[in-house]
Amino acid sequence: MSLRNKVTLIGYTGKEVEMVNFESGNVKASVSLATTDHYTNAKGEKVEETQWHNLIAFGKAAEILQKYAPKGKEIAIEGKLTYRSYDDKDGVKRYITEIRVEEILLLGGK
């Protein structure tokens with residue numbers, strides 16, 4: 001077990017899971033996850049801060065996300081950070097940070 005690149009998040013899915021089927025028979029799932037943090041600022045006001053994370057999963061993890069994690073479902077995931085880049089239609093280099101899901105825990109009701 002490596003602790004070098006590990007991410008654990010608990011949050012709510014922000015959209016329906018998008019699936020991609022590859023010719024090899026493998027599947028990839030993509031979904032966004034919202035995590036919310038609460039703190040009190042210097043003025044004593046309670047502040048809520050939401051961060052959005054891009055999740056990707058392959059194989060069995062992808063199938064579990066598709067079947068059991070509709071929009072708004074609370075889940076806990078464990079995975080690792082991945083980075084990639086691509087050139088958009090205008091030739092501008094874009095960078096993406098994703099979390100490759102290795103473990104999923106379904107939380108909340110239903």
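How many residues are part of a strand (DSSP E or B) and of a type outside the set (D, E) when one looks only at the stretch 1-44? I'd like the intermediate steps shown before the answer.
In the first step, residues of the stretch 1-44 are kept if they are part of a strand (DSSP E or B); the result is 7-13, 18-21, 27-40.
From the residues that got through so far, the ones that are of a type outside the set (D, E) too are 7-13, 19-21, 27-36, 38-40.
Within the stretch 1-44, residues that are part of a strand (DSSP E or B) and of a type outside the set (D, E) number 23.
Do we have L55 as farther than 21 Å from G108 by Cα and either under 15 Å from the mean Cα position of the chain (by Cα) or in a strand (DSSP E or B) (or both) here?
Working: farther than 21 Å from G108 by Cα: no; either under 15 Å from the mean Cα position of the chain (by Cα) or in a strand (DSSP E or B) (or both): yes.
No: the conditions fail for L55.
Between a residue in the stretch 1-13 that is at pLDDT below 85 and any residue that is of a type outside the set (V, I, T), which pairs come within a Cβ distance under 9 Å, given they are 6 or more apart or on different chains?
S2/K80
Of all residues in the stretch 24-36, which are surrounded by fewer than 14 Cβ atoms within 10 Å (Cβ to Cβ) and within 16 Å of G14 (Cβ to Cβ)? Steps first, answer last, please.
Filtering the stretch 24-36 down to residues surrounded by fewer than 14 Cβ atoms within 10 Å (Cβ to Cβ) leaves 24-26, 35-36.
Correct list: T35, T36.
With respect to A69, is the statement that it is in contact with a strand residue (DSSP E or B) (Cβ under 8 Å, 6 or more places away or on another chain), modelled with pLDDT under 95, surrounded by 15 or more Cβ atoms within 10 Å (Cβ to Cβ) and among the hydrophobic types (A, V, I, L, M, F, W, C) true? Reasoning before the result, please.
Details: in contact with a strand residue (DSSP E or B) (Cβ under 8 Å, 6 or more places away or on another chain): yes; modelled with pLDDT under 95: yes; surrounded by 15 or more Cβ atoms within 10 Å (Cβ to Cβ): yes; among the hydrophobic types (A, V, I, L, M, F, W, C): yes.
So A69 fits the description; yes.
Just for the stretch 75-101: of the residues that are acidic (D, E) and at pLDDT below 95, which one is most open to solvent (accessible area, probe 1.4 Å)? Outline the logic, then answer.
Let us first name the residues in the stretch 75-101 that are acidic (D, E), namely 78, 87-88, 90, 98.
Checking the rest, the ones that are also at pLDDT below 95 come to 87-88, 90.
On the way: D87: 98, D88: 34, D90: 119 Å².
Ranking the candidates gives D90 first.
Confirm whether A57 is of a type outside the set (S, T, Y), in contact with a helix residue (DSSP H, G or I) (Cβ under 8 Å, 6 or more places away or on another chain), modelled with pLDDT of 95 or more and under 26 Å from R4 (Cβ atoms).
Values: of a type outside the set (S, T, Y): yes; in contact with a helix residue (DSSP H, G or I) (Cβ under 8 Å, 6 or more places away or on another chain): yes; modelled with pLDDT of 95 or more: yes; under 26 Å from R4 (Cβ atoms): yes.
Judged against the criteria, A57 is a match.
State which residue pairs qualify: first residue at positive phi and inside the stretch 71-86, second residue among the polar types (S, T, N, Q) and open to solvent by less than 20 Å² (accessible area, probe 1.4 Å) in any location, beta carbons under 8 Å apart, and separation of 6 or more residues or different chains.
Short answer, once both residue conditions are applied: G72/T13.
The values are calculated or read from the model by the stated rules, or taken from the named source; none is laboratory data. Because the structure is a prediction, the values reported are computed rather than measured. When we count neighbours, we look across all protein chains shown, and the Cβ atoms used for this are built from the backbone with ideal geometry, even at glycine. Areas reflect the complete protein model, heavy atoms only, side chains present, ligands, DNA and RNA absent. Shrake-Rupley method; radii C 1.70, N 1.55, O 1.52, S 1.80 Å.
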